[in-house]
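Scroll down for the structure; my scribbles are underneath it.
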Amino acid sequence: MSRILVGPFNRVEGDLEVTLETDGDQVRSARVNSPLYRGFEQIMLGHNPMDALVYTPRICGICSVSQSVACAHALADLMQVEMPENGLHCTNLVLANENMTDLLTHFYLFFMPDFARPVYAGEDWFEMIEKRFKATKGDATRVMLPARADFLHLMGLLAGKWPHTLSLQPGGTTKPVEPQERIKLLTIIAGFRRFLETELFGDDLQVIASLTSVTELEQWRLQKPWYSSDFRAFLHLSEQLNLQRLGRATDQFLSYGTYPQSSGKVFKSGVYLGGEHLPLSSVAITEDVSHSWLEGGSKPRHPSVGITIPSLENEAGYSWCKSPRLNDQVVEVGALARQVINDHPLAHSLILENGGNVHSRIVARLLELAIVVPKMEAWAKSIDPKAPFCNHAEMPDNGSGTGMIEAARGALGHWLEVKKGKIHRYQIIAPTTWNFSPRDQQETPGALEQALAGTPIRKGETEPVAVQHVVRSFDPCMACTVH
């Protein structure tokens, strides 16, 4: 048995190191280290509660809106204020704008370039994939980046700027939408939809969103040549490299649900444990620091009473990341979790076929693009320029609030406590904290650590390409992972 240290990873937001224990031609076990402590949970102590709307978006530069929305929801819970219809529509549009941008960016810039590595030069598909997806030089980059930039103009209209917008508030949004601006929003979304339908899918979004099984997905793939669209190209590579057998983790999933409307959330909240759908009990969430460089390791804590104090004295520690658990269970979060819990038949079929793996995670992300973009069109059409966009309420001197939403990468939670008008406690569990957690008190590995076990290693590899595929299939955002 030997040991390989992989990292730092390129094309990953923040710092990441993975230590692999190898046995011959495969990974025997893994330990995932989030090596950068940042301390946002300590930074916010003693501040005015509304200051959190300024600080929390700066946790990350690529999912800052998600942090803003979770913070706004926590403050709204504290203040007992609800958003008007326009506030819901505009908040959903801004969050979806960032989430869909992240899903697209991950596919084109973070994930697919790994198939253009020289290790695959002998494959018969390599020349076309390299031309299309090679990092910084591929043809896909030249068409995707302008489409992405045009799509983000929606953020400018509704939020002023991205990242670190301040338009999102507990009671709604501060930016009203004029009638002509609503037309502009629809034009932006329609342009993005055209890119998805011509370049990514090569088909109507409704066709993709309506696929109900692995069999239907395969039938759709074979209708045209594999190189006719980027989604078909991925499906072809997945078949050739057997990605559906790579990176299987717990097959247990968590979603807080997201995109609230007056009729309920577009994506439901819940958990999927032991093949069964269950309601989410937020009181069952705990944070274990037994293998973290943090104080307070005697027993797991609920985040509402959590602490984040760095300490290098824990001899068992190997990461700054905590170990979130649900009823002491390791769960996976992300687009696949959202679609499984939301009962999408294709997601269920993927899980029943081969569980949560590299293939199913990528399919779920692209499926979500096909589902959400038409929803964005509906939200934009529903905006009433004459109706209010934001409600107001008094900030209590004492109390607590919770904001639980879905970022692109999965479940994001903010827990806030206020005493005497100041922030007394602020705890955050980000999606990558769930997926990239270290072991817990029972020595149970986190989701990525479990997914890496059994990953094949090619002869002579020091940074195994299959390990890269597994890690990137979770789309880590390490800047959010440790605070």
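Structural remarks
- Verdict on residue 180 being under 25 Å from the mean Cα position of the chain (by Cα) and either surrounded by fewer than 17 Cβ atoms within 10 Å (Cβ to Cβ) or within 30 Å of residue 51 (Cα to Cα) (or both): no
- Residue list for region 129-138, filter: of a type outside the set (Lys, Arg) and surrounded by 13 or more Cβ atoms within 10 Å (Cβ to Cβ): 129, 130, 133, 135, 138
- Checking residue 237 against (1) surrounded by 17 or more Cβ atoms within 10 Å (Cβ to Cβ); (2) over 21 Å from residue 128 (Cβ atoms), the condition it does not meet: (2)
- Pair list, Cβ under 8 Å, 6 or more apart: region 418-434 residue farther than 21 Å from residue 479 by Cβ and touching a residue at least 12 places away in the same chain (Cβ under 8 Å), other residue surrounded by fewer than 22 Cβ atoms within 10 Å (Cβ to Cβ) and of a type in the set (Ser, Thr, Tyr): 418/400; 425/304
- Residue that is part of a helix (DSSP H, G or I) and more than 16 Å from residue 403 (Cα to Cα), where the choices are 58, 38, 31, 3: 58
- Residue that is farthest from the chain's Cα centre (by Cα) [pool: residues in region 79-128 that are among the small types (Gly, Ala, Ser) and farther than 18 Å from residue 156 by Cβ]: 122
- Some residue of region 47-54 being surrounded by fewer than 22 Cβ atoms within 10 Å (Cβ to Cβ), closer than 29 Å to residue 263 by Cβ and modelled with pLDDT of 95 or more: yes
- Any hit, region 37-57, residues being under 29 Å from residue 440 (Cα atoms) and in contact with an Asp or Glu (Cβ under 8 Å, 6 or more places away or on another chain): yes
- Failed criterion for residue 233 (all others in (1) farther than 30 Å from residue 453 by Cβ; (2) in a helix (DSSP H, G or I); (3) hydrophobic (A, V, I, L, M, F, W, C); (4) touching a residue at least 60 places away in the same chain (Cβ under 8 Å) hold): (1)
- Subset of region 319-341 (residues that are surrounded by fewer than 19 Cβ atoms within 10 Å (Cβ to Cβ) and assigned to a loop (DSSP other than H, G, I, E, B)): 327, 328
- Test for residue 415: is it modelled with pLDDT of 95 or more, among the aromatic types (Phe, Trp, Tyr) and assigned to a helix (DSSP H, G or I): no
- Pick from region 364-403, criterion assigned to a loop (DSSP other than H, G, I, E, B) and of a type in the set (S, T, N, Q), ranking: nearest to residue 89 (Cα to Cα): 391
- Among (1) under 26 Å from residue 374 (Cα atoms); (2) at pLDDT below 95; (3) not hydrophobic (A, V, I, L, M, F, W, C), the one test that residue 275 misses: (1)
The values are calculated or read from the model by the stated rules, or taken from the named source; none is laboratory data. Just so we're clear, the structure is a prediction, and the values are computed from it rather than from any experiment. Don't worry about glycine lacking a Cβ; one is built from the backbone with ideal geometry, like all the others, and counts go over all protein chains shown.
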